[in-house]
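Structure first, commentary second.
The values are calculated or read from the model by the stated rules, or taken from the named source; none is laboratory data. Model, not experiment: these values are computed from the prediction. Here the Cβ is made from the backbone with ideal geometry for all residues, glycine too, and neighbour counts use every protein chain on show.
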Amino acid sequence: MKYAVSSSEMKICDRNTSEYFGIDSAILMERASLKICDRIDDWKKTRNANRALNCLVFCGVGNNGGDGVCTARLLLQRGYRVHVCVLGDYTRCSELLLKQLRILEKYKVFTDTFSHIRDNKNLIQWDIIVDAMFGIGLSRPVSGDYKEAVSFINQQKAARKNDLFVVSVDMPSGVNADNGQVCQAAVKADATVTFNQVKVGQLLYPGCEYTGQLYVEDAGITGESFLGKEPDAFYYDEDIKRLMPIRKSDSNKGSNGKVLIIAGSQEISGACVLSATAALRSGAGMIRVFTSSANAQTIKTLLPEAILDVYEEDDNFSSRLEKAFEWSTQALIGPGIGTGNSGKKLVRNVLKSYDKNLVMDADALNIVAEDKKLRDLAANYATEGKRLILTPHLAEFARLYGKDVKDCKLNILDYPRKLSKQLHCTVVCKDARTIIADGYEDKIYINVSGNDGMATAGSGDVLAGIMAAFVGEKQSSFEAACFSCYLHGLCGDAAAARLGRHFMAASDITNELSGILD
């Protein structure tokens with residue numbers, strides 16, 4: 001597990017390092033700048049250049065600009081030809097920036113104006129541009145000379161391509177560190193050197209696309225500087241085997257989970273096959289599929305390991321469903337059940353009578369979103385030790401939360417947390433970066449595994465099946481959901497590496513489970 005910090009959390013951590021632990025901020029700035037120079041040196045080595053490289057450093061008037069000026073001095077001492085441009089109102093320069101500027105002057109390096117650099121852009125071909133205009137505190141739209149400088153950097157990159165290395169200090173200027181949104185304009189960096197902790201905006205879209213290669217460097221601010229108050233957001237990037245629940249060597253098929261999959265309808269057969277197969281491949285000991293009779297032959301052919309229960313669309317299936325409830329240790333409802341009468345009846349029965357851990361996906365979520373009584377049942381579900389996980393994609397989430405999709409996307413860190421508290425459950429809001437919140441947890445999870453090849457029909461059914469297999473383990477529903485999303489994304493990455501992102505199908509994600517979990 002690794003933390004992703006907000007701008008306010010990082011500022012507190014930075015301040016605690018200086019004020020509580022007594023480490024001078026100038027020392028931290030020097031250490032940060034050395035790390036930036038090391039990354040630039042790494043890039044230089046790939047160029048095999050036998051000349052001094054031309055480096056342009058854009059600085060703002062805050063401490064991020066101080067990092068830039070300090071970096072310029074160190075690059076000069078390493079043999080680079082350096083030009084420095086400070087943008088903004090000099091009367092608002094931070095003390096650390098002014099100190100760095102005074103040092104730079106003694107090395108006979110003077111700042112240049114942006115207008116001179118812009119108007120003479122053809123006189124020097126830049127090899128390296130360092131973006132140190134804004135750090136983690138930006139929330140307002142980028143304007144004036146800053147906006148022109150962003151445009152200049154991006155134009156230079158478009159013209160020079162791989163012959164120009166654009167490196168941002170801490171954050172690409174113009175990207176909000178808290179939500180990844182672009183503040184009118186932003187530098188599209190080849191690399192971003194950030195310090196001590198990943199920033200939330202470097203993980204979320206579109207910010208992660210502007211960040212380029214992310215380097216998290218030690219500038220001297222350690223975890224102790226949180227003074228016991230851990231950040232809210234975290235993500236996984238470790239070996240999945242270290243996160244796997246331990247499977248007892250003397251276990252049997254009954255003790256490894258008996259998963260009830262309530263999925264499929266007369267019109268849809270694939271959803272129940274995908275989710276049930278994923279649950280089985282994720283280690284479930286036994287699978288029981290409760291589906292429309294129209295899917296019987298499909299299940300028998302494609303999933304002979306499953307126990308099969310079928311119903312007719314106009315059938316009174318409550319008694320058979322009750323027997324399936326008794327048999328199971330955990331359940332999934334929703335993929336492909338439709339939103340007609342049969343689907344509604346299935347959801348109503350489950351929410352009223354099921355007494356074990358439950359995952360709700362797809363059509364089940366749309367049914368709950370449209371029916372206040374069912375929504376109330378869902379809100380009261382997690383009682384007496386039962387756990388409930390909802391797995392909406394962004395449009396389904398918007399229906400559940402009662403806001404439009406655009407608003408939900410802009411507030412993807414906040415709204416899932418609020419909905420999870422309203423419904424007393426775990427909410428898995430699926431998007432390019434899936435966000436997981438829980439009504440009983442302070443933390444929020446950002447999933448960084450996966451790729452756009454997974455944006456294909458049935459991918460969500462596979463995730464729901466994986467989650468159904470793990471929701472019965474001896475861990476919280478929040479932990480099960482976070483692990484399942486990470487695993488699902490890793491399988492998607494493995495499938496993309498094997499087949500290519502354009503050519504993946506949902507079943508390819510399932511096929512990677514055995515290799516990932518072996």
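Listed values, structure above:
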quantity: Matching residues in the range 455-480 - criterion: being of a type in the set (Ser, Thr, Tyr) and assigned to a helix (DSSP H, G or I); calculated: SER459, SER477
quantity: Residue check for MET244: surrounded by fewer than 21 Cβ atoms within 10 Å (Cβ to Cβ) and farther than 15 Å from MET467 by Cβ; calculated: no
quantity: Sole residue being farther than 16 Å from PHE478 by Cα, touching a Gly at 6+ places or on another chain (Cβ under 6 Å) and among the charged types (D, E, K, R), chosen from ASP371, ASP355, ASP363; calculated: ASP363
quantity: Subset of the range 394-410 that is surrounded by fewer than 19 Cβ atoms within 10 Å (Cβ to Cβ) and touching a residue at least 24 places away in the same chain (Cβ under 8 Å) - its residue that is farthest from ALA331 (Cα to Cα); calculated: LEU410
quantity: Residues within the range 299-330 that are under 19 Å from ASP361 (Cβ atoms) and either under 35 Å from the mean Cα position of the chain (by Cα) or surrounded by fewer than 18 Cβ atoms within 10 Å (Cβ to Cβ) (or both), tallied; calculated: 7
quantity: Some residue of the range 342-354 being within 27 Å of the chain's Cα centre (by Cα) and surrounded by 20 or more Cβ atoms within 10 Å (Cβ to Cβ); calculated: no
quantity: Residue that is farthest from ALA331 (Cα to Cα) [pool: residues in the range 346-380 that are in contact with a helix residue (DSSP H, G or I) (Cβ under 6 Å, 6 or more places away or on another chain) and not in a helix (DSSP H, G or I)]; calculated: ASP361
quantity: Residue, farthest from the chain's Cα centre (by Cα), within the range 417-434, restricted to residues that are of a type in the set (A, V, I, L, M, F, W, C) and closer than 25 Å to ASP371 by Cβ; calculated: LEU423
quantity: Strands (runs of 3 or more DSSP E) lying entirely in the range 105-210 (those with 1 or more residues that are touching a Lys or Arg at 6+ places or on another chain (Cβ under 7 Å) and surrounded by 16 or more Cβ atoms within 10 Å (Cβ to Cβ)); calculated: 165-169, 191-195
quantity: Lone qualifier among GLY450, GLY458 - being in contact with a His (Cβ under 8 Å, 6 or more places away or on another chain) and on the phi > 0 side of the Ramachandran plot; calculated: GLY450
quantity: Qualifying residues in the range 381-400 (those that are part of a loop (DSSP other than H, G, I, E, B) and not hydrophobic (A, V, I, L, M, F, W, C)) - the one farthest from ARG433 (Cα to Cα); calculated: GLU384
quantity: Condition check for ASN54: in the same structural domain as ASN196 (by TED's automatic domain parsing), in contact (Cβ under 8 Å) with a residue 40 or more places away in the chain and touching a Lys or Arg at 6+ places or on another chain (Cβ under 6 Å); calculated: yes
quantity: Hits in the range 480-505 - residues which are in contact with a Ser or Thr (Cβ under 9 Å, 6 or more places away or on another chain) and surrounded by fewer than 24 Cβ atoms within 10 Å (Cβ to Cβ); calculated: TYR486, GLY489, LEU490, ASP493, MET504, ALA505
quantity: Selection from the range 90-116 of residues that are at pLDDT 90 or above and of a type in the set (D, E, K, R); calculated: ARG92, GLU95, LYS99, ARG102, GLU105, LYS106
quantity: Test: residue in the range 441-454 that is assigned by TED's automatic domain parsing to the domain that holds PRO335, part of a loop (DSSP other than H, G, I, E, B) and either over 21 Å from VAL198 (Cβ atoms) or more than 19 Å from the chain's Cα centre (by Cα) (or both); calculated: no
